[in-house]
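The next block holds one structure in the form of structure tokens; read it before the comments.
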Amino acid sequence: MSIHTPTVPVPQPSKRIVAIDILRGIALIAMASYHFTWDLEFFGYTDPGLTAFGWWKFYARCIASTFLFLVGVSLYLAHGRQIRWNGFWRRFAMVAGAAVAISVVTRVATPDGFIFFGILHEIALASLLGLAFLRLPALLTLAVAALVIAAPVYLRFEALDHPWLWWIGLSAINPRSNDYVPLFPWFGAVLTGIAVAKFASTSGIRARLANLAPGRWSNPLDFIGRHSLAFYLIHQPLLIGCVWLFSQVMPAQVETPQVNFLKTCQRSCEQMRNATFCSSYCGCMLETLEGEASLDRLFNNDQTADFRAHLSDLAATCTAKTEDKMTEGGTQ
């Protein structure tokens with residue numbers, strides 16, 4: 001006589017969701033296009049400030065938000081049922097190690113704007129902090145995400161102006177860096193991804209997405225999405241190397257610091273005012289800064305409290321002068 005003993009069913013491994021890899025691949029391609037434009041600006045082939053304002057700034061924030069949202073989604077899909085510590089620490093070490101390497105390299109290559117806390121630093125820290133939210137209700141996670149995103153708008157502290165605290169994102173100044181992605185507000189995107197992944201899992205959307213089978217057209221995007229860290233580390237050195245080689249054959253026209261200041265100021269000002277106003281305002285700013293011999297302090301990103309206060313006063317003075325001039329001339 002045989003005795004049948006009950007056995008505990010072995011949970012099947014979750015099926016990889018190709019759609020997420022494809023979306024990540026699209027975000028990587030978008031990121032590469034932004035970085036290529038930044039490289040052109042860096043070497044002087046476009047106007048200064050092109051990627052820092054307007055549509056390009058919005059484009060960059062959408063890309064970063066997408067990446068961090070997918071970090072939250074992937075974190076929940078991989079560890080939502082049970083944290084797989086070996087896999088988590090292996091991935092964490094890879095991302096954190098790459099972040100440190102980028103800081104070291106950019107510190108040597110571009111010391112004035114080196115990446116001390118960029119998107120890889122944020123991904124590493126957010127992945128660690130995100131573990132605390134894997135078991136919390138989705139609505140609570142979304143509420144915390146909203147608070148994290150809103151915090152920099154309402155909370156700024158001079159006590160956090162020390163460089164060692166800039167990673168928090170709540171300092172009164174805006175540090176100069178070629179890639180600055182602090183904890184606030186960007187951790188909110190990761191929390192949103194965790195919450196959405198919870199909703200998708202409980203509503204059946206996750207199962208439907210897992211059954212999607214895109215055609216062969218998606219293979220390149222799928223491949224890039226599966227190897228996102230390698231793509232991130234390789235693409236920018238490759239792009240900037242290509243632009244550098246091109247610059248050796250056809251160098252960009254060199255502009256004076258004064259011209260660069262006027263172009264950057266004009267582009268920034270036109271986000272809020274018309275071109276006529278901005279032309280007069282920026283001329284006033286440049287004339288005053290040159291008269292004070294303080295233009296170099298601006299280019300060197302002087303973040304001392306007295307200079308920031310002086311710039312604020314100067315901006316208010318030039319704004320008033322320009323408005324008076326336009327009123328007298330009958331121009332609105």
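The values are calculated or read from the model by the stated rules, or taken from the named source; none is laboratory data. Treat the numbers as computed from the prediction; the structure is a model and nothing was measured. When we count neighbours, we look across all protein chains shown, and the Cβ atoms used for this are built from the backbone with ideal geometry, even at glycine. Keep in mind that these areas ignore ligands, DNA and RNA; they rest on the heavy atoms of the full protein, side chains included. Shrake-Rupley method; radii C 1.70, N 1.55, O 1.52, S 1.80 Å.
In order along the stretch 81-96, phi translates into HN-Hα couplings of 7, 7, 6, 8, 4, 4, x, 5, 5, 5, 5, 4, 5, 5, 5, 5 Hz, rounded to whole numbers, per the Karplus curve 6.51 cos²θ - 1.76 cosθ + 1.60 with θ = phi - 60° and x for Gly and Pro.
Ranked by the mean number of other Cβ atoms within 10 Å per residue, highest first, peptides 186-195, 83-92 order as 186-195, 83-92. Measuring max minus min along each principal axis, the C-alpha atoms of the stretch 73-141 give extents of 43, 27, 14 Å (largest first).
Using a 4.7 Å Cβ-Cβ cutoff, the cysteines of the chain lacking any partner cysteine are CYS62, CYS242. Across the chain, Cα pairs under 8 Å and at least six residues apart give a relative contact order of 26 percent. Going by accessible surface with a 1.4 Å probe and the largest first, ASP47, ASP324, ASP179 read ASP324, ASP47, ASP179.
Give me the net charge of ALA52's neighbourhood, meaning all other residues with Cβ under 12 Å from the Cβ of ALA52; Lys, Arg count +1, Asp, Glu -1. So the surrounding residues net to +3. For the listed peptides 117-129, 217-229, a ranking on the average number of other beta carbons within 10 Å per residue, highest first, reads 117-129, 217-229. GLY25 sits among other residues whose Cβ lies under 11 Å from its own Cβ, and their net charge, with Lys and Arg +1 and Asp and Glu -1, is 0.
Note on exposure: CYS62, CYS242 ranked by accessible area (1.4 Å probe, complete protein assembly) read CYS242, CYS62, with the most exposed listed first. What does the accessible area per residue of the chain come to in Å², with a 1.4 Å probe and no ligands, DNA or RNA counted? Counting only protein heavy atoms, the per-residue value for the chain is 58 Å². Other residues within the sphere of radius under 10 Å centred on the Cβ of HIS310, judged by their own Cβ, net out at -2 (K and R +1, D and E -1).
In the chain, what percent of the accessible surface is made up of carbon and sulfur (1.4 Å probe, ligands and nucleic acids excluded)? That share works out to 65 percent. Can you flag which of LYS57/LYS198; LYS57/LYS263; LYS57/LYS321 are past 27 Å Cα-Cα? Going by Cα-Cα distance, LYS57/LYS198; LYS57/LYS321 fall outside the 27 Å limit. Here the chain is treated as a Stokes sphere of Kirkwood radius computed over C-alpha pairs; at 25 °C and 0.890 mPa s its diffusion coefficient rounds to 107 µm²/s. Loop only by DSSP, 16 or fewer other Cβ within 10 Å of the Cβ. Give me the trypsin sites (Lys or Arg not before Pro) in the stretch 101-172 that pass, ordered by residue number. Answer in residue order: ARG135, ARG156. Amide H to amide H, with H built 1.01 Å from N, SER171 comes under 5 Å of PHE157, counting only residues 5 or more places away or on other chains. For the stretch 257-329, the spread of Cα coordinates along the three principal axes comes to 36, 22, 21 Å, biggest extent given first.
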